[in-house]
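Peer 1: To start, I am sharing the structure in question, which I have written as structure tokens.
Throughout, read-outs are computed from the coordinates displayed, never taken from laboratory work. If you're wondering where the values come from, they're calculated on a predicted model, not measured in any experiment. Note: ideal-geometry Cβ built from the backbone for every residue, glycine included; neighbour counts use all protein chains shown.
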Amino acid sequence: MLINTRDFGQIDINEDEIIRFPEGLYGFPHVTRYVILRQDDEDSPVLWLQSVEDTFPSFVIMDAESIVDEYKVSLPKKVLETLETNRGGKLQYFVIAVIPKDIKDMTVNMKSPIVVNFEGKVALQVILEDSAYQIRHRVFEDGKVLSC
Amino acid sequence: MLIITRKPGDAFIINENIEVTILDVQNDKVRVGINAPRDVQILRKELYETEKTNMEAVQSINFSKFKELKNEIKNRKND
């Protein structure tokens, strides 16, 4: 299936790779189908979340576990139901990056991860109400090396 | 910042048309009731901030920054 993207031009994706976002993302409630593009190096924690329906929107996302050693998340029952975890499938957590001109000032939203059930091909952006994670978590602190 | 101490059942008024009532306090949670005109949008701050950062995220990225970030992380990993 061919889709048009702003940053990769026209690309061919497998329909099996499409992930449903039944509630969209915050600020983009009507965009409900995305693909995660890895692009060459398979093991990079940096990924690209691309809308399938249009060239817009797209996001740079990172594997949350690459930013903190142990990403502690407890999800409400309603969220687990939407993510169809009763049918199995391990959940993976990704965080959305804001990248200003100087990449060293970039932040990720650790408080509102995108939770993906790859097996069920369904995902949700969840605001972790009871967590101390920051909405603007700096990835590169001075002198501190990323723990990935 | 204006700081007001209130007890459950007490309220305060903003701009003559918004009434905020403290309903109850339990452990580290406070329940608040708000009466406001329909056109006043009320959002949990983290929801508002998440929407805002999502918008910013979309506008802040492009292919070259994606590449740059991948390289930056690869280099740090190899250090």
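Peer 1: Dipole of the stretch A:27-148, Cα-centred, from +1 at each Lys and Arg C-beta and -1 at each Asp and Glu C-beta, to the nearest 20 debye?
Peer 2: 380
Peer 1: At residue B:3 and residue A:15, where each label point lies 7 Å from the Cα along Cα→Cβ, what is the point-to-point distance in nanometres?
Peer 2: About 6.1 nm separates the two model spin labels.
Peer 1: What is the spin-label model distance, in nm, from residue B:68 to residue B:13 if the labels are put 7 Å beyond Cα along the C-beta direction?
Peer 2: Output for this residue pair reads 5.3 nm.
Peer 1: Taking all pairs of distinct Cα atoms, average 1/r, flip it, and tell me the Kirkwood hydrodynamic radius of the protein assembly as shown in Å to one decimal place.
Peer 2: So the Kirkwood estimate lands at 19.6 Å.
Peer 1: Determine the shape class of the stretch A:1-88: with a ≥ b ≥ c the square roots of the Cα gyration tensor eigenvalues, call it rounded for a/c under 1.5, and otherwise prolate if a/b is greater than b/c, oblate otherwise.
Peer 2: The shape class here is oblate.
Peer 1: Which GluC sites (Glu not before Pro) in chain B sit in a loop by DSSP (not H, G, I, E or B) and have at most 10 other Cβ atoms within 10 Å of their own Cβ?
Peer 2: B:16
Peer 1: What nm distance separates the two modelled labels at residue A:40 and residue B:41, each placed 7 Å from Cα along Cα→Cβ?
Peer 2: The modelled label-to-label distance comes out at 4.1 nm.
Peer 1: Next question. Which one of A:123, A:132, A:64 has the biggest mean-square fluctuation once chain A is modelled by GNM with Cα springs under 10 Å?
Peer 2: Of A:123, A:132, A:64, the most mobile in the Gaussian network model is A:132.
Peer 1: When averaged across all projection directions, what area in nm² does the alpha-carbon convex hull of the stretch B:30-79 cover?
Peer 2: Its average projected convex-hull area is 6.5 nm².
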